[in-house]
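Q: Please see the structure below; I have some questions.
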Ligand code: GLC
């Protein structure tokens with residue numbers, strides 16, 4: 001009966017068909033479905049962020065979605081810090097059980113759409129309802145669960161991405177599970193944001209926690225341990241890191257934290273793409289966190305921001321004293337010992353120093369001591385304070401970043417958007433984004449060695465230029481105009497995905 005009806009309908013249509021109608025179906029033909037990209041990260045701004053990874057995972061997918069060529073989705077854990085205002089906007093997609101070794105764990109998938117991107121949140125209160133994002137004895141199990149939940153989510157939601165882009169060790173199990181257990185058809189990209197954190201565990205938990213057998217163990221085993229980052233490098237189709245220079249440095253034992261051989265073997269799939277920054281969040285003209293907005297055409301607001309900064313840190317309110325800012329984790333590999341070695345000489349000059357950050361007790365104590373010795377010249381705030389960091393970027397004149405290694409670094413690019421001149425060591429992304437003023441069109445001051453006296457020299461050169469008001473203002477205006485947005489980098493990621501799949 002049903003078949004007959006369809007037949008009659010079909011006949012009717014044939015009868016009425018005209019030349020015009022035959023063209024119509026072609027015009028109406030659906031555009032081919034966009035290829036699907038899933039970005040997996042353990043932190044994503046604005047939902048949960050503790051550092052550069054979260055900033056990148058917050059802005060890169062949005063920039064990719066703006067190109068309208070890919071269906072872009074992002075998945076992250078539903079941490080406790082993701083509060084009610086966000087939760088109210090979420091839709092529950094699915095509830096299922098995830099098998100992690102012998103454990104069977106609850107998993108809820110929630111979703112939320114924003115700025116052209118679909119965000120998925122993996123809910124499990126036992127693993128993620130905690131005060132911090134990381135730093136727990138069972139981080140391996142927590143992120144093992146997260147990766148397994150993401151892998152199970154694909155068939156639960158009937159959503160099969162074409163490319164899965166996993167970030168850092170917390171998501172390293174995604175390509176590993178795919179190679180050894182799931183065998184989905186997607187291509188995988190793994191990005192190293194910092195090789196210092198590899199996800200290393202005792203081999204004893206291979207089956208018990210990660211649910212991997214001895215054969216899969218071969219991917220992750222390294223130097224007698226489980227090394228998740230090593231496994232991801234082996235199992236991914238492409239591996240990227242966050243600047244071209246860091247990609248080169250990773251082949252060097254000084255930077256590679258014992259993974260240089262693995263990097264060298266996989267060199268053929270390694271690419272370095274410099275991060276961008278969100279020019280919406282870091283914009284001197286619109287930033288709501290700062291006392292006065294300004295543009296490169298009119299820097300008068302910056303003078304107000306400087307005065308406010310001096311007030312806040314109880315320094316002399318003097319527009320002519322240059323303020324050198326340090327906003328950093330206060331740890332050795334950020335070059336704190338170089339700063340310590342250079343400040344004695346620098347403080348003989350007419351300068352003010354402003355420090356914001358938390359870190360090792362040793363350096364915290366050092367900066368407390370420095371403040372006690374030079375209370376009128378050195379302001380110190382030992383905390384992590386996003387809003388204050390904006391006010392420092394806006395009010396300072398120079399920004400110090402002498403890292404021993406820096407995969408990309410975002411602060412040097414952010415500082416320059418506020419006309420604050422970066423002084424950096426030539427490594428990783430610092431080397432790729434900041435060039436010394438002595439080299440024609442420079443946008444900062446740089447040094448190459450790991451000697452405090454070379455940092456000292458770079459700072460003294462900056463202080464010298466600062467004395468020439470016109471030249472300094474010209475430099476401030478120039479660096480404010482440099483394009484550090486995601487535009488360029490997102491195009492490079494598109495090209496990278498094109499190496500793996502066809503994109504219309
Ligand atoms: C890590 C790196 C930093 C980079 C950020 C984003 O935090 O240490 O250099 O900018 O990731 O990729």
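Just so it is clear, none of the values below were taken in a lab; they were calculated from the coordinates. Quantities reported herein were computed from a predicted structural model and do not represent experimental measurements. All Cβ positions, glycine included, derive from the backbone under ideal geometry; neighbour counts span all protein chains shown.
Q: Calculate, for residue 358 and residue 30, the FRET efficiency according to 1/(1 + (r/R0)^6) with r their C-beta to C-beta distance and R0 45 Å; round to the nearest 0.05.
A: Computed FRET efficiency for residue 358 and residue 30 comes out at 0.25.
Q: Want the number for residue 269 to residue 438: 0.36 nm per residue separation, take away the alpha-carbon distance, what's left?
A: 57.3 nm
Q: Here is a further query. Quick one: if you stick a label point 7 Å off each Cα along the C-beta vector at residue 137 and residue 500, how many nm between them?
A: Computed distance between label sites residue 137 and residue 500 equals 3.7 nm.
Q: So, R0 is 41 Å and r is the distance between the beta-carbons of residue 372 and residue 254; what FRET efficiency does that work out to, to 0.05?
A: 0.70
Q: Work out how much length residue 92 to residue 318 would gain on full extension: take 0.36 nm times their residue separation and subtract the Cα-Cα distance, in nm to one decimal.
A: 75.8 nm
Q: Measuring from label point to label point, each 7 Å out along Cα→Cβ, what is the residue 221 to residue 114 span in nm?
A: Spacing of the two 7 Å Cα→Cβ label points: 4.4 nm.
Q: Looking at the chain from every direction and averaging, what is the projected area of its Cα convex hull in nm²?
A: With the hull built on Cα positions only, its mean projection is 30.3 nm².
Q: Which of the peptides 250-262, 392-404 is most tightly packed, and how do the rest follow, judged by the mean count of other Cβ atoms within 10 Å per residue?
A: 392-404, 250-262
Q: Here's something else I'd like to know. For helix 386-395, report the angle its Cα long axis makes with the longest principal axis of the Cα atoms of the chain; keep it between 0 and 90° and round to the nearest 10°.
A: Between the helix axis and the principal axis of the chain, the angle is about 50 degrees.
Q: Using a ≥ b ≥ c from the Cα gyration tensor of region 55-206 (square roots of the eigenvalues), is it rounded, prolate or oblate, where a/c under 1.5 gives rounded and otherwise the larger of a/b and b/c decides, a/b for prolate?
A: The shape class here is rounded.
Q: If we sort 281-289, 38-46, 157-165 on the protection proxy, mean other Cβ atoms within 10 Å, highest first, what's the order?
A: With the highest mean Cβ count within 10 Å placed first, the list reads 38-46, 157-165, 281-289.
Q: Using a 7 Å offset from Cα along Cα-Cβ at residue 129, what residues in region 83-103 end up with backbone N under 14 Å from the label point?
A: 83-84
Q: Moving on. At 222 nm, what helix-only mean residue ellipticity would the chain give, in deg cm²/dmol to the nearest 500, using -39500 (n - 2.57) for each DSSP H run of four or more?
A: About -12000 deg cm²/dmol.
Q: Compute the angle between helix 2-16 and the longest alpha-carbon principal axis of the chain, please, reported from 0 to 90 degrees and rounded to the nearest 10.
A: Result, in degrees: 70.
Q: In nm², what is the average projected area of the convex hull enclosing the Cα atoms of region 356-458?
A: Mean shadow area of the hull around the Cα atoms is 7.0 nm².
Q: Still on this model: Can you compute the FRET efficiency between residue 67 and residue 345 using 1/(1 + (r/R0)^6), with r the Cβ-Cβ distance and R0 = 41 Å? Round to the nearest 0.05.
A: 0.25
Q: Still on this structure: Angle, helix 19-28 long axis vs. longest principal axis of the chain, Cα atoms, 0 to 90°, nearest 10?
A: Tilt relative to the chain: about 50 degrees.
Q: Please give the contour-minus-distance gain from residue 286 to residue 491: 0.36 nm per residue of separation, less the Cα-Cα distance, rounded to one decimal in nm.
A: 71.2 nm is the gain from fully extending residue 286 to residue 491.
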